[in-house]
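Okay, structure first, notes after.
The values are calculated or read from the model by the stated rules, or taken from the named source; none is laboratory data. Just so we're clear, the structure is a prediction, and the values are computed from it rather than from any experiment. Here the Cβ positions follow ideal geometry from the backbone for every residue, glycine too, while neighbour counts run over all protein chains shown. Ligands, DNA and RNA are excluded from the accessible area calculation, which covers all protein heavy atoms including side chains. Shrake-Rupley method; radii C 1.70, N 1.55, O 1.52, S 1.80 Å.
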Amino acid sequence: MEKIVVEGGVSLKGEIFISGAKNAALPLMAASLLTDQPLCLHHVPALSDVSRMEALLAQHGVDVQKNAAEKTLTLQASIITNTVAPYDIVSKMRACILVLGPLLARCGEAKVSLPGGCAIGIRPLNVHIESLRSLGAEIDIEGGYICAKVSSQGLRGAHIAMPLVTVNGTENVMMAAVLAKGSTIIKNAAKEPEVSDLAHCLNAMGAKISGIGTDTLVIDGVEQLGGTTHAIIPDRIEAATYAVASAITHGDIVLRDVVFDDLFTFWNHLSKAGALIEAMPSAHNPAFSDVRVRMPGEIQGVDMMTEPYPGFPTDIQAQFMALMTLCNGAAMITETIFENRLMHVPELCRMCADITVHKTSTLVRGVKELVGSHVMATDLRASVSLILAGLAAKGTTTVQRIYHIDRGYERVEEKLRQCGAVMERVPTEA
Ligand code: EPU
């Protein structure tokens, strides 16, 4: 095991190129199961979650060709040799559930392990299961597995009103519905940019999905899909994380290649907290922006509540809380998506933050300084919030169990070090 050791107190300055989005890459990779033709993905981030999805797809029979230097991945599911997603892989990454819809649509059957426990919440899969049943799948839970099969009539289009907004649930059902007979309407669909990225790629493969980016998706089933080449969208959560790194250290960082509008609500909150945010056209791609983030004065307390897109993302709650620990005044931060996503609070308090928790709300009273400490990462976003706090703290912060961070942040120390951060990764025994 490894830990990251951060020396705080350096004002970060420089530029950071934003990687492809983890939460877009994973469903896009699962979409390769829908066709026997190659799906070539560009801008693929080098993350342990991506490697896990590669391993899962390979054991389903997908040919996985990786070009790490070019950040491309070519996936071809000429023949699916196995429709079982086993517990030992699924239990390590919940997003493995994303193979359920594609396997069912392509092969007429799938057996996918239930993922088991998760640090941030119970995370049931009832909406995935009920929605796939609406498309005609027969689903039982047996021995810890979701055992799904399609009746002789095959999957058929249906009107589905999702009882809550679920990102992977929308993606799973959309991937099943593209090959169903007839039309499917998904109401209360997730509008996250990653869902739209998947829908655009599926359309390029021959699917007929309209209403992309809205809460009503209309999917006209087609006989088959073909291959395509698709560039994964930039990771908005990574961009926001490094924006907080700049703000919390009173730095000056330019984030390269960002979809500015995907973070609308976050920029709003960061700007109310006192940050100066300037977006300029990217030199690489006219669809992207370069965003300069500075925090010249005091950090102001700003209340925040997480919500589905376009609200404030739950995946930036921990990072924003780290920023608020040093605010002038106080901030009420409420987590509404996951019932247990406040595990970073006691760790931040070990660094002398002043945070009171009431159920899923927190009152963060700003302190004059954070003090470096030994802290423990509990999940991906919690771990990066502790690094952010460590960058601003007085003295040395040691973040244990850093393997969480490699799930979602590509070369995190390298990117921060090139802006002046003093940090290194060392074996836990050292
Ligand atoms: N939910 C149910 N039943 C379901 C599905 C979801 O009750 O059948 C509940 C969940 O328990 C949760 C809420 O609905 O309370 C929303 O969960 P959602 O299904 O949207 O989450 P997800 O699709 O499993 C994705 C991201 C998460 C991100 C959430 C919310 C991926 C691979 N994961 O998870 O990313 O927090 O959407 O935006 O796309 C992360 O990157 O750190 C991360 C956790």
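Open to solvent by 30 Å² or more (accessible area, probe 1.4 Å), within 14 Å of the ligand (Cβ to nearest atom), within 30 Å of L263 (Cα to Cα) and not polar (S, T, N, Q), is that true of L198? Here the answer is no, as L198 does not meet what is asked. When P102, P115 are checked against the criterion of being surrounded by 15 or more Cβ atoms within 10 Å (Cβ to Cβ), within 12 Å of the ligand (Cβ to nearest atom) and either under 28 Å from H43 (Cα atoms) or not small (G, A, S) (or both), a single residue qualifies: P115. In the stretch 358-385, the residues that are in a loop (DSSP other than H, G, I, E, B) and among the hydroxyl-bearing types (S, T, Y) reach residues that are at pLDDT below 95 and surrounded by fewer than 23 Cβ atoms within 10 Å (Cβ to Cβ) with C-beta atoms within less than 9 angstrom, at least six apart or across chains, in these pairs: T360/E339; T360/N340; T378/A119; T378/I120; T378/R401; T378/H404. Only one entry in V112, V99, V165 is assigned to a loop (DSSP other than H, G, I, E, B), β-branched (V, I, T) and assigned by TED's automatic domain parsing to the domain that holds T214, namely V165.
Only one of the listed residues (I185, I146) is of a type outside the set (D, E) and open to solvent by 10 Å² or more (accessible area, probe 1.4 Å). That residue is I185. Do you know which residues across the stretch 147-162 are outside any strand (DSSP E or B) and under 23 Å from R94 (Cα atoms)? If the condition is that a residue be outside any strand (DSSP E or B) and under 23 Å from R94 (Cα atoms), then M162 is the only one that fits. There is at least one residue in the stretch 407-421 that is crowded, with 24+ Cβ neighbours inside 10 Å and either within 16 Å of the ligand (Cβ to nearest atom) or among the charged types (D, E, K, R) (or both).
Of all the numbered requirements in (1) open to solvent by less than 80 Å² (accessible area, probe 1.4 Å); (2) within 16 Å of the ligand (Cβ to nearest atom); (3) not polar (S, T, N, Q), G157 misses one, and that requirement is (2).
If you go through the stretch 70-96 and keep only what is part of a helix (DSSP H, G or I) and either without any contact (Cβ under 8 Å) to a residue 24 or more places away in the chain or closer than 21 Å to N23 by Cβ (or both), you end up with D88, I89, V90, R94, A95, C96. Looking only at residues of the stretch 291-340 that are away from the ligand (no atom under 12 Å from the Cβ) and part of a helix (DSSP H, G or I), we find that the one that is nearest to the chain's Cα centre (by Cα) is F320. Only one residue in I212, I232, I253, I248 is under 21 Å from K191 (Cα atoms) and open to solvent by less than 10 Å² (accessible area, probe 1.4 Å). Which one? Criteria check complete, one pass: I232. Taking the criterion of being under 17 Å from D262 (Cβ atoms), open to solvent by 50 Å² or more (accessible area, probe 1.4 Å) and not charged (D, E, K, R), the residues of the stretch 286-307 that qualify are P286, A287.
Just to check your reading of the model, which residue among T428, T396, T378 is touching a Ser or Thr at 6+ places or on another chain (Cβ under 9 Å) and more than 16 Å from I316 (Cβ to Cβ)? After applying the criteria, what remains is T396.
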